[in-house]
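The values are calculated or read from the model by the stated rules, or taken from the named source; none is laboratory data. The shown structure was predicted, so the numbers you read here are calculated from the model rather than taken from an experiment. Counting neighbours? That spans all protein chains shown, and the Cβs are built from the backbone with ideal geometry, glycine included. Side chains included, ligands, DNA and RNA excluded: accessible areas come from the protein's heavy atoms. Shrake-Rupley method; radii C 1.70, N 1.55, O 1.52, S 1.80 Å.
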Amino acid sequence: MRRATGLLLVAATAFATTVAHAADEKAAKPAKAPAAESTIEAKAVDLLKASSATLAAAKSMSFTAVVSYESPSAFGPALVYSTKTAVLLQRPDKVRAITAGDGPASEFYADGKTMTAFEPAANLVATAKAPATIDATLAAAYDDAAIYFPWTDVVVADPWADIAKGLTIAFYIGQSDVVGGTKTDMVAWANDLVFVQAWIGAEDKLPRKLRAVYANDPTRLRHDMDLSDWKLDVAVPADAFASKLAASAKPIAFARPDPVAMPALAPPPAPSKKK
């Protein structure tokens, strides 16, 4: 993000734009995004529903999620931080997430009875009672301990139901042969909270990439998630949702890391008046 790099990027972008405009006019072009006042396109809704149905039908699944999110820097342009998570789940109540990233690695397990958050480097573990479903477990992890996974919307019992709530815009963009190593259909959808572009496998209907921009963010920072290594209805080992290392780690509270409010200090006594 240095200034010289930025100038090179601008030059490269201008060159790429010129080449693109000079390309064969007969080449297929993505559909234009509709005007802001447009409603909801049936083709986009059908693709989102098909992807949701594919995900919801799987009794078990595994995939890799690489998340990149922008964060403001002291110099203006945003910095990008990334995490990589290997996800395994078995419906209705078991999930495992092994995460590496630009920070300490972490592990999360829920076996239907207990949810466990483990930080291997610090050898710390937090446990709590797990709710009866994956949806409720991930919600409780966030509410109780501020543990959030951007791929939550992909693994809930009914992804389309979450998308449909407050849906205001949905349109089809076109196809891509670039993302995810396969042909994908690009769609965009939005509600009052977020604008999302999604790349969905044209054949298998599995999401390969999601990009989100939140409406209440004045800087319009981008959050990207690449999804790969999809396996549906996989055989799951009986011990997949527990960790022997976590079992012997130092226990801490399963709680949000919010700052603890300090009690107000009493004002110092008034100086005595000299007689």
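What the table below lists for this structure:
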quantity	calculated
Pairs beyond 30 Å (Cα-Cα), from 43/231; 84/183; 183/244; 49/84	183/244
Segment 83-145-segment 182-258 distance, computed between alpha-carbon centres (Å)	13
Calculated SAXS-style log₁₀ I(q)/I(0) at q = 0.13, 0.20, 0.23 Å⁻¹ - segment 176-257, Debye, Cα scatterers	-0.71, -0.91, -1.00
Equivalent ellipsoid, segment 84-189 (semi-axes from 5 times Cα gyration tensor eigenvalues, Å)	30, 18, 12
Listed residues 228, 73 arranged by accessible area, highest first, probe 1.4 Å	228, 73
Rounded accessible area of residue 239 (nearest 10 Å², 1.4 Å probe)	120
Coil-residue chymotrypsin sites (Phe, Trp or Tyr not before Pro) of segment 107-151, DSSP, other Cβ within 10 Å capped at 15	148
Normalised alpha carbon radius of gyration of segment 53-125 [divisor 2.2 N^0.38 Å]	1.38
Amide H within-cut-off set for residue 252, under 5 Å, with H built and near neighbours excluded	125, 126, 127
3J(HN,Hα) from dihedral phi, segment 185-200, Karplus parametrisation 6.51/-1.76/1.60, rounded to Hz, x for glycine, proline	9, 9, 10, 10, 8, 8, 9, 6, 9, 8, 10, 10, 10, 10, 10, 10
Dmax and Rg, reported as Rg then Dmax, of segment 132-216 (C-alpha, Å)	14.2, 41
Projected label distance in nm at residue 73 and residue 228, using a 7 Å step from Cα toward the beta-carbon	2.5
From phi via Karplus (6.51, -1.76, 1.60), per-residue ³J(HN,Hα) for segment 151-160 in Hz, x at Gly/Pro	8, 4, 5, 7, 9, 5, 4, 9, x, 4
